[in-house]
1. Anything in segment 23-53 that is among the β-branched types (V, I, T) and either crowded, with 16+ Cβ neighbours inside 10 Å or modelled with pLDDT under 95 (or both)? List them, or say none.
2. How many residues, within segment 194-211, are loosely packed, with under 10 Cβ neighbours inside 10 Å and either among the hydroxyl-bearing types (S, T, Y) or closer than 18 Å to G110 by Cβ (or both)?
3. Of all residues in segment 54-74, how many are among the aliphatic types (A, V, I, L, M) and either crowded, with 23+ Cβ neighbours inside 10 Å or touching a Leu at 6+ places or on another chain (Cβ under 7 Å) (or both)?
4. Against the definition (touching a strand residue (DSSP E or B) at 6+ places or on another chain (Cβ under 9 Å), under 18 Å from A138 (Cβ atoms) and in contact (Cβ under 8 Å) with a residue 60 or more places away in the chain), how does L25 come out, yes or no?
5. Quick one: which residue in A205, A183 is among the small types (G, A, S) and under 26 Å from G102 (Cβ atoms)?
6. How many of the residues in segment 13-70 are among the small types (G, A, S) and more than 15 Å from the chain's Cα centre (by Cα)?
7. Within segment 136-157, can one find any residue that is modelled with pLDDT under 95, under 22 Å from G61 (Cβ atoms) and buried (at least 19 other Cβ atoms within 10 Å of the Cβ)?
8. Tell me, please, whether a residue that is in a loop (DSSP other than H, G, I, E, B) and modelled with pLDDT of 95 or more can be found in segment 185-194.
Amino acid sequence: MGVSTSCPEKGVAVVTVDFPPVNALPVTGWFALADAVRSAGRDTEVRCLVLAAEGRGFNAGVDIKEIQAEGRSALIGANRGCFEAFAAVYECEVPVVAAVQGFCLGGGIGLAGNADAIVASEDAVFGLPELDRGALGAATHLARLVPPHLMRALYYTSRTATASELRAHGSVWRVVPRDALRAAALELAREIAAKDGELLRLAKAAINGIDPVDVRRSYRFEQGFTFEANLSGVADRVRDTFGKEGT
């Protein structure tokens, strides 16, 4: 349980998240993930990083129960932890391939949306149930996966899009059976890692530099509204309903 790093083959590192039962990360989990990704990116032997997860789904976002139990301190911690983890993926010195299975929700969108490429299992679904959970945020990253009007509709309705739908929009590289996901992600990572390591790092920095949206600033802007929703009490009202329904 937690965040672990392995190097299954030359030039490729795999950072794996494992927080049963649904990979809803506690505050410490988000910071541990950020540290692992940054550490792997600094390793000069690594040329590509695979971001993976164990269990039913890739990521279910923040641990709502932790926020309900600990209040504002946990909310601030979750905001900061998500910000650091999303930024670590985006700013990783080498390309990041997200291997997504099952559900990719909330914070999972922040991670996958900031990755360089996504390989997904056939059962993968992507979405932001934030409005159902008393939160806001990660529209910045969903906008990197689908066209603007679809992003808005998904955000307002809390509905999800399938891996095949995202592949049709060009944001998912491959869709494969679940049992072939890790191999497919490693295949892409291996192809990337075959390039010159120094040139890859320059390429990553160059591509980030021409992005039309500053993802750090954009997401931080969204987080301000998340905190406003909490200060006003509307977030607690929605989260309390979420808790009673047990969803």
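The values are calculated or read from the model by the stated rules, or taken from the named source; none is laboratory data. None of these values were measured; they are calculated from a predicted model. A quick note on method: Cβ atoms are made from the backbone with ideal geometry, for glycine too, and the neighbour counts reach across all protein chains shown.
1. Filtering segment 23-53 for residues among the β-branched types (V, I, T) gives 27-28, 37, 44, 46, 50.
Those that are among the β-branched types (V, I, T) and either crowded, with 16+ Cβ neighbours inside 10 Å or modelled with pLDDT under 95 (or both): V27, V37, V46, V50.
2. 0
3. Going through segment 54-74, the residues among the aliphatic types (A, V, I, L, M) turn out to be 60, 62, 64, 67, 69, 74.
Still in the running and either crowded, with 23+ Cβ neighbours inside 10 Å or touching a Leu at 6+ places or on another chain (Cβ under 7 Å) (or both): 60, 62, 67.
Count: 3.
4. Working: touching a strand residue (DSSP E or B) at 6+ places or on another chain (Cβ under 9 Å): yes; under 18 Å from A138 (Cβ atoms): yes; in contact (Cβ under 8 Å) with a residue 60 or more places away in the chain: yes.
Here the answer is yes, as L25 does meet what is asked.
5. Working: A205 fails: under 26 Å from G102 (Cβ atoms).
Among A205, A183, only A183 is among the small types (G, A, S) and under 26 Å from G102 (Cβ atoms).
6. Step one: filter segment 13-70 for residues among the small types (G, A, S), giving 13, 24, 29, 32, 34, 36, 39-41, 52-53, 55, 57, 60-61, 69.
Filter again for more than 15 Å from the chain's Cα centre (by Cα), leaving 13, 39-41, 55, 69.
Of the residues in that region, 6 qualify.
7. Within segment 136-157, the first condition is being modelled with pLDDT under 95, and the residues that meet it are 136-137.
Within this subset, residues satisfying the condition of being under 22 Å from G61 (Cβ atoms) are 136-137.
Add one more test, that the residue is buried (at least 19 other Cβ atoms within 10 Å of the Cβ), and what stays is 136-137.
There is at least one residue in segment 136-157 that is modelled with pLDDT under 95, under 22 Å from G61 (Cβ atoms) and buried (at least 19 other Cβ atoms within 10 Å of the Cβ).
8. Just the residues of segment 185-194 that are in a loop (DSSP other than H, G, I, E, B), to begin with: 194.
Subsequent filtering for residues that are modelled with pLDDT of 95 or more retains 194.
Yes, that holds for at least one residue.
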